[in-house]
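Asker: If you scroll down you'll find the structure; I have some questions about it.
The values are calculated or read from the model by the stated rules, or taken from the named source; none is laboratory data. Everything quoted here is computed from the prediction, not taken from an experiment. FYI the Cβ positions are ideal-geometry reconstructions off the backbone, even for glycines, and counts take in every protein chain you see. SASA here: full protein model, heavy atoms, side chains in, ligands and nucleic acids out. Shrake-Rupley method; radii C 1.70, N 1.55, O 1.52, S 1.80 Å.
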Amino acid sequence: MKLRYEFTVMDMGDEIAAVPVGDNAAEFHGMLKLNETSAAILELLKEETTPEQVHQALIAKYPDSTPDEIGYALADFLNQLLQEGLLDP
Amino acid sequence: MDFTIFLAGVSIGIHSIYDEVYTLCKKYLRDDATEDFSVFITQQDIRYEAEKSIREALYEGNPVTLYSDSYLETLAVYRKIAVGLLQYHTYLMHGSVVSVDGQAYLFTAPSGVGKTTHTRLWLEHIPGAEIVNGDKPLLQVRADGVYACGTPWAGKEGMNRNCTVPLRAICILQRGLKNQIEEVSFQQIYPVILQQTYRPAQPEAMKKTMELISEMSGSVRFYRMSCNMEPEAAWIAYQEMREHYD
């Protein structure tokens with residue numbers, strides 16, 4: 001799986017705004033609100049990867065969270081991206 | 001056709017295939033030959049606009065309209081101008097701008113909410129109210145604040161004036177039975193601002209756009225308003241937004 005578009009991000013203080021760019025991205029007129037974890041996930045999805053690889057990378061990055069907590073957050077965000085048509089599975 | 005226009009204080013050379021864009025730009029023509037940047041249009045640019053308009057209509061569930069090449073060329077020209085103007089700290093936002101006593105107010109909302117109706121209420125009922133642009137104004141971020149700049153690209157009604165006015169407020173409109181307005185923070189409404197801002201396809205240009213929005217947010221006030229179509233809507237909006245500057 002991989003992001004369908006490149007994203008431009010803007011730091012909004014307590015959250016991060018991400019907007020897709022590219023010729024076809026204008027079809028998605030919305031934006032994503034990201035927290036630190038989802039911003040990290042978005043970064044990992046720039047290159048072709050798998051849910052398992054992303055999960056492992058996040059477990060290494062956030063040792064204070066349990067693998068389950070990270071797994072739930074990852075699943076939620078991947079589902080959001082899929083529903084918005086922003087992720088090629 | 002080859003001609004030069006002056007938008008947001010920038011001289012732009014236009015090299016078009018058809019005359020329609022020249023006719024559109026008549027109020028903004030400039031005689032001297034010095035150009036800050038130029039825009040060249042090819043048949044490929046026109047095809048891109050045709051395909052894009054069909055794609056977007058399908059995406060939004062609207063009927064597909066086939067436009068003339070000369071009209072599509074006007075869109076292609078503005079798209080290129082919008083990207084070119086980013087280097088002059090200027091970006092394009094979808095909305096309607098009205099000025100009163102040398103201060104500009106921008107109303108934005110998804111299509112169909114009633115920007116044009118609300119704009120007309122201001123023009124008809126607020127003494128001294130004048131249109132800046134009814135649909136696609138340019139916003140220029142300067143050291144002393146943000147300025148709304150007129151452009152000939154102004155939507156179906158074509159309401160526009162060749163002028164530059166300090167922008168005091170951006171107001172997000174929604175329909176309501178009663179008229180209510182509240183001041184909000186940029187953080188509360190930035191998703192709408194991003195949604196209504198022209199998004200260039202090039203990543204670098206999009207990054208610059210985001211930077212300009214961020215700079216703009218520091219010197220403009222933001223409001224959210226529920227409004228009906230009565231003249232009172234314009235008065236309530238005007239009273240609330242202007243009182244901070246008296």
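Asker: Tell me, what % of the accessible area of chain B is carbon and sulfur with a 1.4 angstrom probe?
Answerer: 49 percent
Asker: Another question, then. If you find the alpha carbon centre of region B:167-223 and of region B:129-149, how far apart are they in angstrom?
Answerer: Here the answer is 13 Å between Cα centres.
Asker: In addition: Per residue, how much space in cubic angstrom lies within the convex hull of the C-alpha atoms of region B:2-88?
Answerer: 103 Å³
Asker: Using the alpha-carbon atoms, what tilt in degrees (0 to 90, nearest 10) does helix B:186-195 show relative to the longest principal axis of chain B?
Answerer: The angle comes out at about 30 degrees.
Asker: Another question, if that's okay. Roughly how many debye, to the nearest 20, is the charge dipole of region A:2-88 about its Cα centre, given +1 on each Lys and Arg Cβ, -1 on each Asp and Glu Cβ, and no other charges?
Answerer: Here region A:2-88 has a charge dipole of around 120 debye.
Asker: If the cut-off is 20 Å between C-alpha atoms, which lysines fall inside it for B:K52, apart from same-chain ones fewer than 8 positions away?
Answerer: Within the straight-line limit of under 20 Å, B:K52 reaches these lysines: B:K80, B:K136, B:K156.
Asker: When the helix-only estimate is applied to the protein assembly as shown (DSSP H runs of n ≥ 4, each -39,500 (n - 2.57), divided by the residue count), what is the mean residue ellipticity at 222 nm, nearest 500 deg cm²/dmol?
Answerer: -11500 deg cm²/dmol
Asker: In a GNM of chain B with a 10 Å cut-off on Cα contacts, which of B:I54, B:I193, B:I236 has the highest mean-square fluctuation?
Answerer: So, out of B:I54, B:I193, B:I236, the one fluctuating most is B:I54.
Asker: Per Stokes-Einstein, at 25 °C and 0.890 mPa s, what whole-number D in µm² s⁻¹ belongs to region B:45-89, with the Kirkwood radius over Cα pairs as the hydrodynamic radius?
Answerer: Calculated translational D: 216 µm²/s.
Asker: Could you tell me the largest-minus-smallest coordinate of the C-alpha atoms of region B:74-175 on each of the three principal axes, in descending order and whole angstroms?
Answerer: The Cα atoms of region B:74-175 stretch 37, 30, 23 Å along their principal axes.
Asker: While we're on this one: Could you provide, to the nearest whole Å², the per residue accessible area of the protein assembly as shown with probe 1.4 Å?
Answerer: Averaged over the residues of the protein assembly as shown, the accessible area is 48 Å².
Asker: Let me check I've understood the local charge: for B:Y71, count other residues with C-beta under 10 angstrom from its C-beta, Lys and Arg +1, Asp and Glu -1. What total comes out?
Answerer: -4
Asker: Mind giving me the FRET efficiency for B:L29 and B:L177? R0 is 45 Å, r the Cβ-Cβ distance, nearest 0.05 is fine.
Answerer: 0.50
Asker: Ignoring the sites themselves, what is the longest stretch of chain B with no trypsin sites (Lys or Arg not before Pro) in a DSSP loop and at most 14 other beta-carbon atoms within 10 Å?
Answerer: With a cap of 14 other Cβ atoms within 10 Å, the longest stretch comes to B:1-155.
Asker: To continue, here is another question. Over region B:2-88, what is the percentage of antiparallel beta bridges among all DSSP beta bridges, to the nearest 5?
Answerer: Among the beta bridges of region B:2-88, antiparallel pairing accounts for roughly 65 percent.
Asker: Tell me, what is the Rg over Rh of region B:90-242, with Rh the Kirkwood radius over Cα pairs?
Answerer: With Rh from the inverse mean 1/r over Cα pairs, Rg/Rh is 0.94.
Asker: I need the Debye-formula profile for the protein assembly as shown: one equal scatterer per C-alpha, no solvent, reported as log10 I(q)/I(0) at q = 0.12 1/Å, two decimals.
Answerer: These q points yield log10 I(q)/I(0) values of -0.92.
Asker: With +1 on each Lys and Arg Cβ and -1 on each Asp and Glu Cβ, and nothing else charged, work out how big the dipole of the protein assembly as shown is about its Cα centre, in Debye to the nearest 20.
Answerer: Once rounded to the nearest 20, the dipole reads 740 debye.
Asker: A further question on this structure: Rank B:A205, B:G128, B:I189 by how far each Cα sits towards the positive end of the charge dipole of region B:113-246 (+1 on Lys, Arg Cβ; -1 on Asp, Glu Cβ) and give me just the farthest.
Answerer: B:A205
Asker: Right, next: Please state the charge dipole magnitude for region B:2-88, taken about the Cα centre, from unit charges on C-beta atoms (+1 on K and R, -1 on D and E), reported in debye and rounded to the nearest 20.
Answerer: 200 debye
Asker: So, one more: Chains A and B: how much accessible area gets covered up at their contact, both sides added, probe 1.4 Å, in Å² to the nearest hundred?
Answerer: Summing both sides, the interface buries roughly 1900 Å².
Asker: Rounded to whole Å, give me the distance from the Cα center of region B:227-241 to that of region B:39-87.
Answerer: 35 Å
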